[in-house]
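Before any comments, here is the structure.
Values in this text are rule-based calculations from the coordinates and carry no lab data. Computed from a prediction, not measured in an experiment: that's the story for all the values here. Note: ideal-geometry Cβ built from the backbone for every residue, glycine included; neighbour counts use all protein chains shown.
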Amino acid sequence: MASYPQSGQVNPIPAPGWLVRSREGCALCRYRHNQHLLRDIDDAAQTYPHAHWPAQIACELRALIHAADTARGQGLDRVPDDRTAEHLKLFRNAVNAGLSQVSRVPGAKAKQRPGRLLLECLKNREADVLRFPADTAIPPTSNQAERDLRPAKTQQKTTTVKRAYGSGPVTTRASGLG
């Protein structure tokens, strides 16, 4: 288990790059990897079809993922700053543009406009979202993690046979993850 002193939380899965829930709470905490962010950014693009910021955020995030994959393939520990500087600048500019266009609804418990919490988390938790270029051991997406899980999941989905007490019928049950 990995513990994170800044949030006081314990991560039960010791995979680097996983986000943890902070005391102040954040909608981003449900995102384990960036493909979920990309999906929600695409939803924001559909919600705000005339806005340029969702497409720019997605484009820059994909470019950073590509740079991290390329650096990992070259055996580098981190993505060189010259490959990320422009993408980070454009990412931050797009987040700020989105925050200026999607205003906050006043009130502590007021339901926010679509995309607002996502934008706030992209700004406030940028270090968590964009941790993967600084350490190529952190996967930007969960594709490899999902591939690594498949053998274990296959073993859990084996069919078991139970015989009822006495000479009752034989029943089968497939067990697996819910």
Percentage of interatomic Cα-Cα distances in segment 25-141 larger than 25 Å
22 percent
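Based on the mean of other Cβ atoms within 10 Å per residue, sort peptides 98-108, 83-93 so the most packed one is first.
Numbers: 98-108: 12.8, 83-93: 16.0.
Those peptides, ordered most packed to least, come out 83-93, 98-108.
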